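The values are calculated or read from the model by the stated rules, or taken from the named source; none is laboratory data. Quantities reported herein were computed from a predicted structural model and do not represent experimental measurements. All Cβ positions, glycine included, derive from the backbone under ideal geometry; neighbour counts span all protein chains shown. The protein model used for the area step is the full one, side chains on, heavy atoms only, and it has no ligands, DNA or RNA in it. Shrake-Rupley method; radii C 1.70, N 1.55, O 1.52, S 1.80 Å.
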Amino acid sequence: METLHIIGGGMAGSEAAWQAAEAGVPVVLHEMRPTVGTFAHKTGDFAEMVCSNSFRSDDDERNAVGLLHWEMRAARGIIMTTADRHQLPAGGALAVDRDGFSQAVTAALRAHPLISFAEGEITELPTDGQWIVATGPLTSGALADSIRSVTGADSLAFFDAIAPIVYADSIDRSIVWAQSRYDKGETEEEQKAYLNCPMTRDDYEAFIDALLAADKAEFHEGETAGYFDGCLPIEVMAERGRETLRHGPMKPVGLTNAHRPTDKPYAVVQLRRDNALGTLFNIVGFQTKMKYGAQTEVLRLIPGLQGARFARLGGIHRNTFLNSPTLLDDRMRLKARPNLRFAGQVTGVEGYVESAAMGLLAGRMAAAEILGRDLPPPGPETAMGSLVNHITGGAEAKTFQPMNVNFGLFPPIEAKGGRRGRKDRYKAYTDRAKESFTLWLDAQG
Ligand SMILES: Cc1cc2nc3c(=O)[nH]c(=O)nc-3n(C[C@H](O)[C@H](O)[C@H](O)COP(=O)(O)OP(=O)(O)OC[C@H]3O[C@@H](n4cnc5c(N)ncnc54)[C@H](O)[C@@H]3O)c2cc1C
């Protein structure tokens, strides 16, 4: 039987190796550590947690990441089942003893009769055989160069510059209005592609004061400032001068407030649709290193966003990731070289759990292909399916940035408004997802 090769023994590669081997396919896991290190990894263990020791919320009824835990447990994932055995008390979160956890994943992989190991850096994308590339946010330079030579220079980013993403239903439509600058666009949809939040001079000055005073996160070692040119954080722009933002992403020109046409806004914050479903909007040009708590407070000063809920907050990190919506098919294969699958953070998901989940899918899909079957992804109403659907097509390719799992990626379920309504709606999402995911698993026998 054909062997599956996996590059990278992190969250995604470890899970992919386990899933494929459990399906009966022989696997070779290629890992460069400890011979070649990264600035974040400290050991030679598989599935090392490079920073926090938490897999985030374990609430599988009302939280999307908790639901992803549930799906990974249902699929007998090595990452979740090992995390459960090394759990530490952490309220509703799934936190683990990081060394015990990664040592146990390493031991389980090493003990598997169908998994063998090749230590060393892979420097070129392989041309034949079945491969999964799961080399993560810190993919080695030589391999990144090789990926770029196949995918095109603009298709692989080395830093993310994440603008905060807002749930559409938390934006106050009595304040914002839909309009593209100078009504540009052929169709009405294009002419109304942006939501605009108007600011008076007082609003703007208060916003700048709060932005300058907010707590900011430090850059990690190895994160140079050389990437800044195209994506300055808003606080850095504000530090350069109080008017800089008003002449940059917050410029008020070419826009007329549909609610108060005679009021000329002093500044405007624009939101742009972030997914095909229209459930998520990103704040245009608002990449930031503000700490999460401060970020929420400052962003809620923007008129129209007082009650905003965030699907993800902004950030800037060293992060190698593909423009997956244009490059990968829905089986996670590189369209240009379908013998290569990608998995984990390099596909543009964000987080340990999401990365491991994409490894789980890629491992199962690659194994199915080797065994002569075709495995479609789980439905978009599941956490795993919503993520893979987002990165391989649902996301806007032009502005694609890494994404956490969140309910905004799911096909909407209508519910009564208000807090109670939302809680019920999340339960309805997770019930629907569990039913669909179980059917997907059952179909694989
Ligand atoms: C500094 C930093 C902090 C982070 N903190 C968190 C956090 O607190 N919580 C969270 O949920 N997520 C965090 N992330 C994001 C992300 O979820 C993790 O990086 C996660 O480990 C990604 O899983 P992965 O399998 O895609 O990549 P990794 O877990 O990084 O695995 C990739 C593996 O590939 C190997 N590799 C790379 N290139 C090659 C090559 N050419 N040949 C052979 N092997 C290679 C690497 O050594 C590594 O073992 C952080 C990321 C970074 C960079």
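Only one of these is buried (at least 19 other Cβ atoms within 10 Å of the Cβ) and assigned to a loop (DSSP other than H, G, I, E, B): Gln270, Gln306, Gln287, Gln295. Name it.
Gln287 is the lone residue from the list that is buried (at least 19 other Cβ atoms within 10 Å of the Cβ) and assigned to a loop (DSSP other than H, G, I, E, B).
Can you name the number of the only condition in (1) at pLDDT below 95; (2) touching a Leu at 6+ places or on another chain (Cβ under 6 Å) that Phe117 fails?
(1)
(1) near the ligand (Cβ under 10 Å from one of its atoms); (2) hydroxyl-bearing (Ser, Thr, Tyr); (3) open to solvent by 10 Å² or more (accessible area, probe 1.4 Å); (4) within 24 Å of Thr279 (Cβ to Cβ): which one isn't true of Thr347, the others all being true?
(3)
Pick from region 416-433 the residues that are open to solvent by 30 Å² or more (accessible area, probe 1.4 Å) and either in contact with a helix residue (DSSP H, G or I) (Cβ under 7 Å, 6 or more places away or on another chain) or in a loop (DSSP other than H, G, I, E, B) (or both): which of them is modelled with the highest pLDDT?
Tyr426
Which residue is farthest from the chain's Cα centre (by Cα), if the candidates are limited to region 102-132 and must be more than 12 Å from the ligand (Cβ to nearest atom) and assigned to a helix (DSSP H, G or I)?
Going through the qualifying residues, I end up with Ala111.
Given the criteria crowded, with 20+ Cβ neighbours inside 10 Å and either within 16 Å of the chain's Cα centre (by Cα) or more than 23 Å from Ile147 (Cβ to Cβ) (or both), does Ile391 qualify?
Considered against the rule, which asks whether it is crowded, with 20+ Cβ neighbours inside 10 Å and either within 16 Å of the chain's Cα centre (by Cα) or more than 23 Å from Ile147 (Cβ to Cβ) (or both), Ile391 comes out as yes.
Which residues, counting only those in region 133-149, are more than 6 Å from the ligand (Cβ to nearest atom) and among the hydroxyl-bearing types (Ser, Thr, Tyr)?
Across region 133-149, the qualifying residues are Ser146, Ser149.
Counting only residues that are more than 19 Å from the chain's Cα centre (by Cα) and within 16 Å of the ligand (Cβ to nearest atom), which one in region 150-176 is most open to solvent (accessible area, probe 1.4 Å)?
Val150
Tell me which residues, restricted to region 177-192, are assigned to a loop (DSSP other than H, G, I, E, B) and either open to solvent by 40 Å² or more (accessible area, probe 1.4 Å) or without any contact (Cβ under 8 Å) to a residue 60 or more places away in the chain (or both).
Those that are assigned to a loop (DSSP other than H, G, I, E, B) and either open to solvent by 40 Å² or more (accessible area, probe 1.4 Å) or without any contact (Cβ under 8 Å) to a residue 60 or more places away in the chain (or both): Ser180, Lys184, Gly185, Glu186, Thr187, Lys192.
Name the pairs whose Cβ atoms lie under 6 Å apart, with the first residue in region 59-80 and within 25 Å of Thr106 (Cα to Cα), the second of a type in the set (A, V, I, L, M, F, W, C) and assigned to a loop (DSSP other than H, G, I, E, B), and 6 or more positions between them or separate chains?
As it stands, the answer is Val65/Val405; Leu68/Val405, since those pairs meet every condition given.
Where residues in region 324-344 are open to solvent by less than 30 Å² (accessible area, probe 1.4 Å) and not in a strand (DSSP E or B), which of them is farthest from the ligand (Cβ to nearest atom)?
Ranking the candidates gives Pro325 first.
Which is touching a Phe, Trp or Tyr at 6+ places or on another chain (Cβ under 8 Å), within 16 Å of the ligand (Cβ to nearest atom) and not in a strand (DSSP E or B), of Ala356, Ala366, Ala362?
Only one candidate qualifies: Ala362.
Per-residue answers, yes or no, for (1) of a type in the set (Val, Ile, Thr); (2) out of contact with any Lys or Arg (no Cβ under 7 Å at 6 or more places or on another chain):
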{"position": "Val298", "(1), (2)": "yes, yes"}
{"position": "Phe310", "(1), (2)": "no, yes"}
{"position": "Ile316", "(1), (2)": "yes, no"}
{"position": "Met332", "(1), (2)": "no, no"}
{"position": "Arg341", "(1), (2)": "no, no"}
{"position": "Val346", "(1), (2)": "yes, yes"}
{"position": "Ala357", "(1), (2)": "no, yes"}
{"position": "Ala362", "(1), (2)": "no, no"}
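Which fully enclosed helices (runs of 4 or more DSSP H) of region 1-95 have 3 or more residues being more than 9 Å from the ligand (Cβ to nearest atom) and surrounded by fewer than 24 Cβ atoms within 10 Å (Cβ to Cβ)?
Answer list for region 1-95: 64-74, 78-85.
Yes or no, residue by residue, for (1) of a type in the set (S, T, N, Q); (2) free of Cβ contacts under 8 Å to residues at least 12 places away in the same chain:
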| residue | (1), (2) |
| --- | --- |
| Leu313 | no, no |
| Arg318 | no, no |
| Phe321 | no, no |
| Arg331 | no, no |
| Pro338 | no, yes |
| Arg341 | no, no |
| Gln345 | yes, no |
| Gly348 | no, no |
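Got at least one residue in region 294-311 being closer than 22 Å to Thr399 by Cα, within 16 Å of the ligand (Cβ to nearest atom) and under 16 Å from the mean Cα position of the chain (by Cα)?
yes
Quick one: count up the residues across region 369-391 that are within 16 Å of the ligand (Cβ to nearest atom) and more than 18 Å from Arg272 (Cα to Cα).
Total meeting the criteria: 4.
Is at least one residue of region 225-239 at pLDDT 95 or above, assigned to a loop (DSSP other than H, G, I, E, B) and either surrounded by 16 or more Cβ atoms within 10 Å (Cβ to Cβ) or not hydrophobic (A, V, I, L, M, F, W, C) (or both)?
Among the residues of region 225-239, not one is at pLDDT 95 or above, assigned to a loop (DSSP other than H, G, I, E, B) and either surrounded by 16 or more Cβ atoms within 10 Å (Cβ to Cβ) or not hydrophobic (A, V, I, L, M, F, W, C) (or both), which makes the answer no.
Of the conditions (1) β-branched (Val, Ile, Thr); (2) modelled with pLDDT of 95 or more; (3) closer than 20 Å to Val166 by Cα, Ile413 clears all except one; give me its number.
If we test Ile413 against (1) β-branched (Val, Ile, Thr); (2) modelled with pLDDT of 95 or more; (3) closer than 20 Å to Val166 by Cα, just (2) comes out false.
Can you run down the residue pairs with Cβ atoms below 7 Å, 6 or more apart or on separate chains, where the first is in region 394-409 and within 19 Å of Gly344 (Cα to Cα) and among the aromatic types (Phe, Trp, Tyr) and the partner is in a loop (DSSP other than H, G, I, E, B) and open to solvent by 20 Å² or more (accessible area, probe 1.4 Å)?
Phe400/Asn323
Testing Asp145 on (1) modelled with pLDDT under 90; (2) open to solvent by 60 Å² or more (accessible area, probe 1.4 Å), one condition comes back false. Which one is that?
Asp145 satisfies every listed condition except (1).
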